[in-house]
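Shown next, in structure tokens, is the structure this report addresses.
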Amino acid sequence: MKKEKKKSEQTKIDFEKINQSRLSKKRSPYFIQIGFDFGTSYSKCIYRDIMTQKAWVYIPDKVINKNLPFLISNVILYNNGKISLIDSTDKHYIENGLFHIKRAIVATANDDWFNPLLNSYKNITGLSQKEDLYKFIENCAVFCIAKTIGAIKRNIRNQFKDFGTHEQDYMAINLAIPVCEAERMEINNLFHKILIDAWLLADLISDEPYMNFEQIGALREEIQNEKNEYVESACYVYPEVSANVQGFVRSRFSAEGIYLFSDIGAGNVDLSVFIFHHYNNTEMLTYLCGHVVPLGAGQIEMIAAKLSGKNDPGYLEYLRLLKERGENNSELLRARKEIEKKLIREAEKTLANAKNKLRVKKDINKIKLIFGGGGYCENPYGRAILNPFSGQIFSEPIYPLIISMPPPHDLVLKQNQYEWMKRLSVAYGLSYERSELANFIYPKDVPIPQPEEIWNPTRNTIEAPSKDQC
């Protein structure tokens, strides 16, 4: 009887496999594109079914902000040699917390050992050797991204129940970094390497609550032989501003011209000037300059805490919550003023560099302005960015047209959720398959025009009429 039962069960299992095989042959393969916005403080994700061109916002199982449930914390906790992600609270500043891992990666790529950002990493870990700290930061980044990607993959498989039953089912991921960093191969390559390792380790790490960073390093060594062209092409690094404006350039509202994009994030402000035009029937972004400055919204409380002489996590958290409620004290107001003053100089520098690359200098007067990022507020960012338009870069004060991003037509959102898009525009842009993304030219590939290339209109000389002409 037992043998017959086993045989019956086996027959049933075989039948299910055959049935699955038939189903997989009847349907077209899935192609799921993940748009992963790896932010300074929070990550966001939108994934797309390329075949139907329908996209969804990824909502993590553990929501850290009820009003913005799509936010995924990038704050790493280091405790007793173990690293973990903070994913169950909306508290940002914590004891033994390692912040702004994305900026720390850039610092390692630049070999910027004395970057103030790395001080907390040195103090908390006790690592004093450059090579050891850099490897630690890399491993932290892989752990952070892999855990998040693993959860995203699991969510996708739960939605597309038969994903994987077709031999051609495919999943890929796009990640963005600022233009001025994407054009530098040492930074671009490091992010690409970290993304590939995280992609390969995602399913293995996603359920691990914490890990020793040496364990992560050992796992990274083990997967090196799994890397191939197929995996490398599935992981793509793309300029952040290009991702941010993807919805705009693809819309019927877009117009060719010169634009200043100001992306205000938690840690940084990304200032980029580009020319949008069409080339061979495709959208093209030609970047004149790109500039990232550490003056993001999270710096408001950081500077305020420094001005007060209190840098402990508890006071930072108090200032952050005060700022988030739209309230101020004297320290926050002073911090906003300091950021405004610095950002005015940076915006002036960006616009001057862009004008320097124009063959027709007066074209700078036609520039339009786009604000992006979840950290935008009028004080200090709106005021600081608009200030240079009344300065010496322009022959007379101009009032640039401020462009709003059009609402997406292919993203599954409820009516009251469209407000999310100011935080989701990068992830949305990245959710398009890489061949559909707007082409671009880096600033380094746009030379300053030679004097003979600069257009100088000749003046018509009016001569007095001669006696004979009279």
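Derivation of every value follows stated rules applied to the coordinates shown; laboratory data play no part. Since this is a predicted model, take the numbers as computed values, not measurements. Neighbour counts run over all protein chains shown; Cβ positions are idealised from the backbone, glycine included.
Note on Lys54/Lys306: beta-carbon distance plugged into 1/(1 + (r/R0)^6) with R0 of 51 Å gives a FRET efficiency of 0.65.
Temperature 20 °C, viscosity 1.002 mPa s: under these conditions the Stokes-Einstein estimate for region 252-295, based on its Kirkwood radius over C-alpha pairs, is 185 µm² per second. Candidate cross-link partners of Lys227 among the aspartates and glutamates, defined by an alpha-carbon separation under 16 Å and a same-chain spacing of 8 or more, comprise Asp197, Asp203.
Scanning the chain for long hydrophobic helices, with DSSP H runs required to stretch 15 angstrom or more by C-alpha along their axis and to average at least 0.0 on the Kyte-Doolittle scale, returns 185-205, 298-308.
Computed across region 193-337, the Kirkwood hydrodynamic radius from all distinct Cα-Cα pairs reaches 19.5 Å. What aspartates and glutamates could a cross-link reach from Lys357, if we take a straight Cα to Cα line under 12 Å and drop same-chain neighbours fewer than 8 places away? Cross-link targets: Asp445, Glu453.
Normalized C-alpha radius of gyration of region 305-404, against 2.2 N^0.38 Å?
1.34
Just give me a number: lysine pairs in region 37-92, eight or more positions apart or cross-chain, with C-alpha atoms less than 22 Å apart.
For region 37-92, the number of qualifying lysine pairs is 8.
The value given for region 135-225 is a Kirkwood hydrodynamic radius of 14.3 Å, derived from the mean inverse Cα-Cα separation.
Taking 12 Å as the straight-line reach from the Cα of Lys310, the aspartates and glutamates in range (excluding those fewer than 8 positions away in the same chain) are Glu301, Glu331.
Taken over region 104-202, lysine pairs spaced eight or more positions apart, or on distinct chains, with alpha carbons under 17 Å apart number 5.
For region 102-149, the set of chymotrypsin sites (Phe, Trp or Tyr not before Pro) satisfying both a DSSP loop assignment and a count of at most 15 other C-beta atoms within 10 Å is given as Trp113, Phe114. Applying a DSSP loop filter and a limit of 11 other Cβ atoms within 10 Å to the chymotrypsin sites (Phe, Trp or Tyr not before Pro) in region 55-94 leaves nothing. When the GluC sites (Glu not before Pro) in region 299-367 are filtered for DSSP coil states and for at most 13 other beta-carbon atoms within 10 Å of their beta-carbon, the remaining sites are Glu327.
Considering region 170-267 at the alpha-carbon level, its Rg and Dmax are found to be 17.1, 51 Å. Given that just one value was derived from the coordinates, which of (i) 25.8, 128; (ii) 46.9, 162; (iii) 29.2, 91 is Rg and Dmax of the Cα atoms in Å? Correct label is (i).
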